[in-house]
1. Would you be able to say whether some residue in region 694-702 is farther than 24 Å from residue 641 by Cα and outside the structural domain of residue 608 (by TED's automatic domain parsing)?
2. Just checking, does region 24-33 include any residue being in contact with a helix residue (DSSP H, G or I) (Cβ under 9 Å, 6 or more places away or on another chain), surrounded by 17 or more Cβ atoms within 10 Å (Cβ to Cβ) and assigned by TED's automatic domain parsing to the domain that holds residue 154?
3. Given the criteria surrounded by fewer than 23 Cβ atoms within 10 Å (Cβ to Cβ), touching a strand residue (DSSP E or B) at 6+ places or on another chain (Cβ under 9 Å), at negative phi and without any contact (Cβ under 8 Å) to a residue 40 or more places away in the chain, does residue 633 qualify?
4. Name the residue, out of 286, 254, that is over 22 Å from residue 112 (Cα atoms), assigned to a strand (DSSP E or B) and touching a strand residue (DSSP E or B) at 6+ places or on another chain (Cβ under 8 Å).
5. For the structure I just gave you, tell me whether residue 543 is assigned by TED's automatic domain parsing to the domain that holds residue 614, under 34 Å from the mean Cα position of the chain (by Cα) and in contact (Cβ under 8 Å) with a residue 12 or more places away in the chain.
6. Can you confirm whether region 268-275 contains a residue that is farther than 20 Å from residue 206 by Cα, outside any helix (DSSP H, G or I) and over 19 Å from the mean Cα position of the chain (by Cα)?
7. Touching a residue at least 24 places away in the same chain (Cβ under 8 Å), in a strand (DSSP E or B) and closer than 20 Å to residue 259 by Cβ - does that describe any residue in region 331-344?
8. For residue 615, only one of the following conditions fails: (1) in contact with a strand residue (DSSP E or B) (Cβ under 9 Å, 6 or more places away or on another chain); (2) not assigned by TED's automatic domain parsing to the domain that holds residue 745. What is its number?
């Protein structure tokens, strides 16, 4: 469709019959000389080939012919200028289409190509057609590339070569050939129409901006080529990438209308670089809160340092990565960095190591291990000049100088370069770690990181690591964590699904298979709901590990509706630099209700609930274990709970609000109950009935209270005469304090229902 009709553009220059005063012998500029009344030019009204035409004798080195009329040009418009020429006599010249390009200020645009291909005339009387296509874009087939600066042109031709020859020139025609390159019915603009070169060297940023501005709702097409963009670039319109772009690492491409991995992969020529640049843009103003990977697979050759990629240190706007697969490719970039060094620890500075040897080589974020170090302690920062390291948790081993090992794991997505990151989400992503890498490393500080409906497959060391407090309100929901250590006996595994240093984590409806531990949790206020964590193996009478470890005594946790499979819950205070009880909250604040506990082929001493005090004086205060099912497949176990006294024993005299009730036991030799209802039968008259609840009370506790005594039937003396008497109770009797003595005013016998507790209820 011709723009001369559709947009009112007058493209055709005047015919020679209209007068030679309309034709310039220079550049066509106002005031320049025309061919009117020139001795070397004449109008020929009748020619056997041309009808009316211009007869022109070449008298200058470059004989110019330009129309005075200003022919409009604009970005995206392509014009074909055509001249039919024949030699009449004299020297045979060469002919080329030529023009003068004018800017909006009336100046010549010298950067525009103003001469076309030259054609030599080789005989007399033969008509030769000379043409050239003129347009803004650097396209194949465009002879004279003008870019976007010219707004009009004076078109015509040049005669070059020897002087003296005479030629006749038919009326010059100009036609709109834009449809050759893109039809107007197509709703797009091309960056090449606005001056983009696409040679991988020239900075095409300005041309891209101009095309985006001109699009005004149309699609911007980046036609084939490699375009260098030196600075940040934002597209406000849809973009289609047929060619690719190259940008410096720290410069961003922002696609506001088609922000997804497909677009970025097309833009940069590959999924990995496309993912990196899309992730970089996610933290800025893309008009999108989520990066859609379009269900595609991205192969990572090294960890993605997200903070370095974005150039940011803090971020608190909600952002999401969703719907795709991240895969590790083997290489040295995934190797764990391990350093061993001597350092000094003092309980006066509970989160610091001092006099650290070889400190410069110890990486921030490294996992710390050694004597007196609890599980999941990390380096949060270092001061090389002072030779000090700050730690995520205190050490439990007391003051001293020791050797420590520092291991920096490698993560597919590493957010540890942020000082603070809040409200970031990863949803519907599969992490194929391949036993090569860990999955996610959180920022040192932050709030509400959310991992939802993801699969973390075969992490080498960790699924999700918190080396600081970026785990505040961490949410892990609907995910699967599949171990790289399924073939290894449980006691030899080292990989952990996640850890928490801060408060208020929510872990819901996840499936966990064959890790050393599911979660190591400091802090308080955690929720576990509807998870299935299976940490067993095929070993005969196999050793089982803790599925959940709570490292602060009063963890304020509820664990409800989970399937706890071949692992146990451990209450510890291994992140306490002064583990001896000193008036702080002790173990408690825990509700365990409605769970299914399963164990198969385990030793009789296996337990599902273990309390491990690291110092003396600790007790239970607020532990509720109700409505659970405990089931052993295979040989039975002795009981479901224990106090691990490897370091210290519990203070049974201080138990408060401990309830074991309404649980179901299958394959458990001795149920655990408190409050405990005992039916005591006294066959021989005695003034002291010894009621023994030791076997039932949790954690080897004492019988501290008796809440009721109700005789069943008559209480009689030795002669079987009914006695209407009432006893008083003495709890805490016997060597272990687990007996209750019922004291009667005289020797009696009979049957009584006694309710005793291992605690004080308030």
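1. So the first thing to find is which residues in region 694-702 are farther than 24 Å from residue 641 by Cα, and the list is none.
No, that holds for no residue.
2. Narrowing region 24-33 to residues in contact with a helix residue (DSSP H, G or I) (Cβ under 9 Å, 6 or more places away or on another chain): none.
No, the conditions are met nowhere in region 24-33.
3. Details: surrounded by fewer than 23 Cβ atoms within 10 Å (Cβ to Cβ): yes; touching a strand residue (DSSP E or B) at 6+ places or on another chain (Cβ under 9 Å): yes; at negative phi: yes; without any contact (Cβ under 8 Å) to a residue 40 or more places away in the chain: yes.
Criteria met by residue 633.
4. Details: 286 fails: assigned to a strand (DSSP E or B).
Result: 254 is the single residue among 286, 254 that is over 22 Å from residue 112 (Cα atoms), assigned to a strand (DSSP E or B) and touching a strand residue (DSSP E or B) at 6+ places or on another chain (Cβ under 8 Å).
5. Values: assigned by TED's automatic domain parsing to the domain that holds residue 614: yes; under 34 Å from the mean Cα position of the chain (by Cα): no; in contact (Cβ under 8 Å) with a residue 12 or more places away in the chain: yes.
In short, no.
6. Within region 268-275, the first condition is being farther than 20 Å from residue 206 by Cα, and the residues that meet it are 269-275.
Now restrict to residues that are outside any helix (DSSP H, G or I): 269-270.
Subsequent filtering for residues that are over 19 Å from the mean Cα position of the chain (by Cα) retains 269.
Scanning region 268-275 turns up at least one residue that is farther than 20 Å from residue 206 by Cα, outside any helix (DSSP H, G or I) and over 19 Å from the mean Cα position of the chain (by Cα).
7. Of region 331-344, the ones touching a residue at least 24 places away in the same chain (Cβ under 8 Å) are 331, 333-344.
Then keep just the ones that are in a strand (DSSP E or B); that gives 337-344.
Imposing the further condition that a residue be closer than 20 Å to residue 259 by Cβ reduces the set to none.
Within region 331-344 (the criterion being touching a residue at least 24 places away in the same chain (Cβ under 8 Å), in a strand (DSSP E or B) and closer than 20 Å to residue 259 by Cβ), the answer is no, since none of the residues qualifies.
8. Among (1) in contact with a strand residue (DSSP E or B) (Cβ under 9 Å, 6 or more places away or on another chain); (2) not assigned by TED's automatic domain parsing to the domain that holds residue 745, residue 615 violates only (1).
The values are calculated or read from the model by the stated rules, or taken from the named source; none is laboratory data. Here the structure is a predicted model, which is why all the values come from computation and not from measurement. Reconstructed Cβ throughout: ideal geometry from the backbone, glycine too, with neighbour counts over all protein chains shown.
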